[in-house]
Amino acid sequence: MGCRPRRHCYTGAAGINERAFIGKTACRAVATTGTQLAKGDYASMQEITVRVPASTSNLGPGFDCLGVALSIYNSFTFRRSPARRSVHPRIVSEAAEQFFKQARRRAFSFSCSVAEQVPRSRGLGSSATVRLGTLLALNRLSGDPLNRLIVFRICAELEGHPDNAAPAIFGGFTVVGSARCANRTPQRELPTFQRFEISPRLYFVLLISKLEIQTPRARRILPARISHTAAVENCANACALTAAFASQDYEKLRGGFTDHFHQPFRSKLIPFLPSVIAAAERAGALGAFLSGSGSTIAAVTLHAPKKVAAAMGRAANAPVCTIITHADNLGAQLLPTRNPQSAIRNPQLRWVAALKA
């Protein structure tokens, strides 16, 4: 699961395809709790805690298809509720509605609470953690009618893009593609994925500012057309990153994070993006990129992560926090909790307060 992320504030190996992975993930998630559930336990289960990792997506050139799970987590505890109607945030209600529809299960009332570590609207997959937490919790409380691939696809549809959903549920480095029907019928394309373990030798340094960026806004500023030359370079860089992660030859990540699809245009929303990326690379990072739609900027390094973090903080010239962490190779985990005292209840991190300190 990686080490505990280190935070600082500044004022100035083998690949697995989806078919082989689905069953292993479900078994491993239960095994990590130390409690093996019998089939009859599902009907009586009243409470479940789901821990879902943050994720960084795009990785520069891999727009909407590359992602990495990070060792920062949101934990959700769901309980069956005797109330006839429960009021939830819209993001939870929509995920619950889709679950009961896809699982063909009768809806039941529930309550939910969250121990939050993943900052919102910063390009770290916070919304994906909420949707996955809801889907996986209700799935387990209903007796697991859906496998993880179906849950992933529901989450990707709710998100509107699959690049955070895949690493958050499966862990590691993920590459998402689309599968067309063999008979070429006009059916909606379904996302598929490949997943690779990431070595703990690799550090991810995150620079988080006070800027909140909503994904729809960040997408609206993207151009409708990209030149052929830019598209070819992006494709080459995304392929190079994938090969480096798959082989764990991380030195070959260097130079592969350059992007022409979204970062040059989103830098209008994050004016210090180019200077922070340059500072990270000068400090020895293999590369840096805008995490998702931002505003977080992520750097990847094998050495001196504190030096990279300090350089990024100075280059931002604004109130920021940096986090040094690793990849999460487990993905979302389900933790059965029949006793409320056994649920994960990590204190919520007050990001804005830390940035103002």
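Label sites at LYS306 and HIS228, each approximated as a point 7 angstrom past Cα along Cα to Cβ, lie 5.2 nm apart. Extension gain for CYS239-ARG201 works out to 11.5 nm (0.36 nm per residue, less the C-alpha to C-alpha distance).
Expressed in whole Å with the largest first, what are the equivalent ellipsoid semi-axes of segment 33-160 derived from the C-alpha gyration tensor as the square root of 5 times each eigenvalue?
Details: eigenvalues 132, 48, 45 Å².
Its equivalent ellipsoid spans semi-axes of 26, 15, 15 Å.
Please give me, ordered by residue number, the trypsin sites (Lys or Arg not before Pro) of segment 227-308 that lie in loop per DSSP and have at most 11 other Cβ atoms within 10 Å. Before the final figure, lay out each step's value.
Working: sites: LYS252, ARG254, ARG266, LYS268, ARG282, LYS306, LYS307; in loops: ARG254, LYS268.
Filter output for segment 227-308: LYS268.
Please state the shape class of segment 64-119: rounded when a/c is under 1.5, otherwise prolate if a/b exceeds b/c and oblate if not, all from the C-alpha gyration tensor. It is oblate, given that a/c is not under 1.5 and a/b is not larger than b/c.
In 5 Å bins starting at zero, report the fraction of Cα pairs in segment 199-294 per bin as a rounded %. All Cα pairs considered, the percentages come to 2, 11, 20, 22, 21, 15, 7, 1.
Rule-based calculations on the coordinates, nothing more; no lab input. All figures in this text were calculated on a predicted structure; none of them were measured in a lab. Here Cβ is always computed from backbone atoms with ideal geometry, including for glycine, and neighbour counts include all displayed protein chains.
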